[in-house]
1. What does the charge count near Val68 come to, summing +1 for each Lys or Arg and -1 for each Asp or Glu among other residues with Cβ under 13 Å from its Cβ?
2. Apply the Karplus parameterisation 6.51 cos²θ - 1.76 cosθ + 1.60, with θ equal to phi minus 60°, to every residue of segment 42-50 and state each ³J(HN,Hα) to the nearest whole Hz, in sequence, with x for glycine and proline.
3. Between segment 94-114 and segment 1-75, how many Å separate their Cα centres?
4. In whole Hz and in residue order, list the ³J(HN,Hα) couplings for segment 26-39 that follow from phi through the Karplus curve 6.51 cos²θ - 1.76 cosθ + 1.60, θ = phi - 60°; x for Gly and Pro.
5. Taking the Cα centre as origin and putting +1 on Lys and Arg beta-carbons and -1 on Asp and Glu beta-carbons, what dipole magnitude results for the chain, to the nearest 20 debye?
6. Work through the residues other than Gly88 whose Cβ is under 12 Å from its Cβ and net out their charges, Lys, Arg +1 and Asp, Glu -1.
7. HN-Hα J couplings of segment 92-106 from phi, Karplus 6.51/-1.76/1.60, θ = phi - 60°, integer Hz, Gly and Pro as x?
8. Considering the values (i) 14.9; (ii) 16.5; (iii) 14.3, which represents Kirkwood radius over Cα pairs in Å as calculated for the structure under consideration?
Amino acid sequence: MSLKQSKRILVVDDDQAMAAAIERVLKRDHWQVEIAHNGFDAGIKLSTFEPAIMTLDLSMPKLDGLDVIRSLRQNKVANQPKILVVSGLDKAKLQQAVTEGADDYLEKPFDNDALLDRIHDLVNEGHHHHHH
């Protein structure tokens, strides 16, 4: 992964206030942030922006988070971002996301420090599940 790419993060959430809140936290932590409000946009931004990490809401209209994970992991895209699922759904759904190819998850509502902890873990260590 190039250094340039390593500080890029794509925030995918159809809730604009939530996406903006996540963006604020990340920008304070010196990330370059792009936002996608649906799975379709996320697909386009993944190829143009090439983020190191993607935070992903699972409950979105049309293409939900699990669809996004599946299409990404099955297409074997060259620049596979780490995927951090950020969702208010139940544990079973969050675990399913990890089974489908997400790297980690964070439950909504979340603590800003927890969000950064998860992201730093993903950047530093790849697959690393310390909190299930």
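Since every read-out is calculated from the coordinates, none of them should be taken as a lab result. Small disclaimer: the values here were computed from a predicted structure and weren't measured. Cβ placement follows ideal geometry from the backbone for every residue including glycine, while neighbour counts extend to all protein chains displayed.
1. Around Val68, the charge tally is -3.
2. Ordered by residue, 3J(HN,Hα) equals 4, x, 5, 5, 4, 7, 8, 8, 6 Hz.
3. 13 Å
4. For segment 26-39, the Karplus curve yields 5, 5, 5, 8, 6, 8, 8, 10, 10, 10, 10, 9, 7, x Hz.
5. Details: 16 positive and 21 negative charges, 84 e Å.
Magnitude of the dipole: close to 400 debye.
6. Numbers: positive: Lys91, Lys93, Lys108; negative: Asp13, Asp15, Asp57, Asp90, Glu107.
With Lys, Arg at +1 and Asp, Glu at -1, the net is -2.
7. 4, 5, 5, 5, 4, 4, 5, 4, 6, x, 6, 8, 6, 9, 9
8. Structure-derived value, by its label: (iii).
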